[in-house]
Every structure is written in C-alpha cells, then in structure tokens.
Amino acid sequence: MNRPVISLLLSGTLLMGAASMAHAALPETATLYMNPECGCCHEYARQLEERDVTVTLIDDVEIGKIKQQVGLPYGKGSCHTILMGDYAIEGHVPFEAVETLFEQRPTIGGIGLAGMPIGTPGMPGPKQDDWEVYQFTDRQPMPFMTR
C-alpha cells in the first residue's frame, strides 16, 4: 500500500474510535425516580435507552426524599431524578450535557435542568428558549452549560 492510502485508513480508524469513545462515556445503567403518572419521564427514559443505557424506573418512593439525598438545590427540581454512575441528573437535561458530564467527570454531585422546558428530551414541542443546565454539590447550584 502507498502512504496516502495508509494515512487515510489510519485517520478513518482514529475518527471511528473517537466517536465510539464519546458514546461509550455513558454508564451502562441508570435508575430513574419518578411520579407514576408522569409520561414525559417514560419518554426521557426511552431516549436514554436509545443511547444504550439500561434504565430502571422507580415510581413507588417519595421522590422528595431522593432529591434531598442527592443534595439537589432548593427550587431547582423537576419531575424526575436519575442516578447514573456517580452522579444525579435532575430533570430533562439535554443529552449533550449528560455526555459532557461523563466525558469530563467533574467532582460534583450532579447536573440538572429546573422545571420541564418545552423541547427538551422527553418534552413535546419545539425548543423556545436557551436551557440553563446547572451543576450542584451539597445543594449549591452553579452554571454548567447553556444550550
């Protein structure tokens, strides 16, 4: 083989490996705590499973206690809380932020998106505003990402 062909093959292999690594950054399992009547939580779980994450749904616990246990900041809650890897993920966090969390692995308790913004994963409708994803540790929120 000549050098240009070898370089092209090597470049393609490296690019494919990098794409696989980004996807592989997510843990294999997650536990989603939710209200049993919430349909958008099921949709978020389905979209997470499309990313090869096995999701266990728990709808028979007091979700407020889960939010307290993970150190969620007051007033920053949403309809569901996910425990995934070493982190808590609160609400309909865009998957780009979830992937960034597991690529960077910062020393925090988790990330979240307050409320249930239209157009986020699991919520119907087109995106209307920027989404302010926050990070938190011990009930203290700080900016993480704007999308």
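The values are calculated or read from the model by the stated rules, or taken from the named source; none is laboratory data. As the structure is a prediction and not an experimental result, all values here were calculated from the model. Counting neighbours? That spans all protein chains shown, and the Cβs are built from the backbone with ideal geometry, glycine included.
Odds and ends about this structure:
- Unmet requirement for Thr107, which otherwise passes all of (1) polar (S, T, N, Q); (2) within 15 Å of the chain's Cα centre (by Cα); (3) surrounded by fewer than 21 Cβ atoms within 10 Å (Cβ to Cβ): (2)
- Residue within region 90-101 that is in a helix (DSSP H, G or I) and at pLDDT below 95 present: no
- Count of region 104-147 residues, restricted to those that are outside any loop (DSSP other than H, G, I, E, B), touching a Leu at 6+ places or on another chain (Cβ under 9 Å) and free of Cβ contacts under 8 Å to residues at least 40 places away in the same chain, is 3.
- Residue within region 133-142 that is at pLDDT 95 or above, surrounded by fewer than 21 Cβ atoms within 10 Å (Cβ to Cβ) and at positive phi present: yes
- Verdict on Leu113 being more than 16 Å from Tyr33 (Cα to Cα), touching a strand residue (DSSP E or B) at 6+ places or on another chain (Cβ under 6 Å) and either surrounded by fewer than 20 Cβ atoms within 10 Å (Cβ to Cβ) or aliphatic (A, V, I, L, M) (or both): no
- Pair list, Cβ < 7 Å and 6+ apart or interchain, from region 58-79 residues that are among the small types (Gly, Ala, Ser) to residues that are not in a loop (DSSP other than H, G, I, E, B): Gly71/Phe136; Gly71/Thr137; Gly77/Lys67; Gly77/Glu90; Ser78/Glu90; Ser78/Gly112
- Of the residues Gly91, Gly125, the single one that is at positive phi and within 13 Å of the chain's Cα centre (by Cα) is Gly91.
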